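Data block below; observations after.
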Amino acid sequence: MESNPTLNNASEPEYKRLAPAKPQLWLLLGAILIGVACELWMEQNYYFLYSIFWLVALAVFVALNFQRVIANKTVLALILPTLVLCGILMFDYMNYELLDFTMLAIPALMMTIGVFTTQEISYKREGKAVLGVLRGAFVKPFSAIGAYFKAYAGVFRTKEHGSARHGWLGVAVGLPLMAIVLALLASADAGTAKLLGGLFDRFNIWEWFWRIIVVFAASMLFYSLFYNLTWGKRDADLTPVSQSWKFAGPGVVIGMLLLAYALFTYVQFGYLFGGVLPVDLTFSEYAREGFGQFLAVTIINFTVLGISLAKSEPKRAIRVFQALLLAASLIVLTSACWRMLLYVGAYGLTIRRVLPLWLMAYFVFLAVVGGVRIFRERTPFLRIGAFALAYWYAAFLCVDWNTLMHVFNASRGFAG
């Protein structure tokens, strides 16, 4: 762990012992820039400015941890989809229905970058990264606020080039104060307002007051977060997960699921390959029915598989059951995909129909990775799945779906 640069020899003068190191003073400047970017976005509410805000935050963090970042292939792999999402949002190349997902994905990726840059996340310790992201969101922005004020105090306390430095600090403090006083005087006295030539006619002191509050609050939280990530104590390693479960426990759970899927598969073969549908259902009604439930079942399967891989003894019997569970998941995905394609064939393409198909393709990829993990224990199933999801979503947003959907629907005679 890196030593805290604020700790110096006790024999030095007090102002030097307490003064923050230069990187922490540069962080203060960067945090203020992040605060300004945040205020501009909140004032204008433009997606362009939202991207700028997070890009400024990313630039400050990378500048602060440059050597760590360039030496970490995992972090570099995370930065790419983050830049893609910011660029797509910045240039308004975004389907409106996916806007909320993207605006949540960017800070989630940013926090993950911070954790993987500053923490050692080894194989089978990915849970540490999850806890690190949660701490980064709910603890670390608040636990080093004292260092933020200490950085301001360090600027004033530094003795080097004292006169010139304090002169510029006087200008920085006095200039906005003078503007505020003149604005108040101009609003209180017509003669002063005339003398100033209407300079402050459109100046709203309370509006600027709240702007300063936003800049201050945002810079304080980001300073605390980046300070903790860069110089704070590293998170404790989690206890390694022991593969101690005997076959009986997970085997019974997976076996019961396989029995349910055997019944489901028997029914589906009649629908999918026999051309027979449930009574009183059209193809479009059959397509709509149960699609969400199928995706939920798929998520349950992969959750059971992940827990089983992490906790079960890697014996042949459990591996066979895990492989069968993956096969059952693929059957469920096939049925869900077939239903969605029927729905598309009946009503055309929309983004709400394309996205589930894209998600199912991701689940197929995840099943392949899971199959490799069953027979090759060193395969980082959780890490590959999480990172692939970020790239899968970024790739999805890079496609001009509006044009493709319009061409597809027009070629098949669907209105709109």
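Numerical summary
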{"quantity": "Dipole magnitude of region 85-150, debye to nearest 20 (Cβ charges: Lys/Arg +1, Asp/Glu -1, about Cα centre)", "calculated": "520 debye"}
{"quantity": "Cα lying deepest toward the dipole's positive end in region 285-416, options ILE351, ALA317, TRP401, charges on Cβ", "calculated": "ALA317"}
{"quantity": "Region 107-156: chymotrypsin sites (Phe, Trp or Tyr not before Pro) in DSSP loop, at most 16 other beta carbons within 10 Å", "calculated": "TYR123"}
{"quantity": "Between region 333-371 and region 97-157, the Cα center-to-center distance that results, in Å", "calculated": "34 Å"}
{"quantity": "Members of LYS128/LYS311; LYS22/LYS128; LYS73/LYS315; LYS128/LYS150 lying beyond 22 Å, as alpha-carbon distances in this model show", "calculated": "LYS22/LYS128; LYS73/LYS315; LYS128/LYS150"}
{"quantity": "Within-11-Å neighbourhood charge of GLY345 [Cβ basis; K, R +1; D, E -1]", "calculated": "+3"}
{"quantity": "Under 5 Å, built H, 5+ apart or other chain: amide partners of SER312", "calculated": "TRP245"}
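Since every read-out is calculated from the coordinates, none of them should be taken as a lab result. Because the structure is a prediction, the values reported are computed rather than measured. Backbone-built Cβ (ideal geometry, glycine too); neighbour counts: all protein chains shown.
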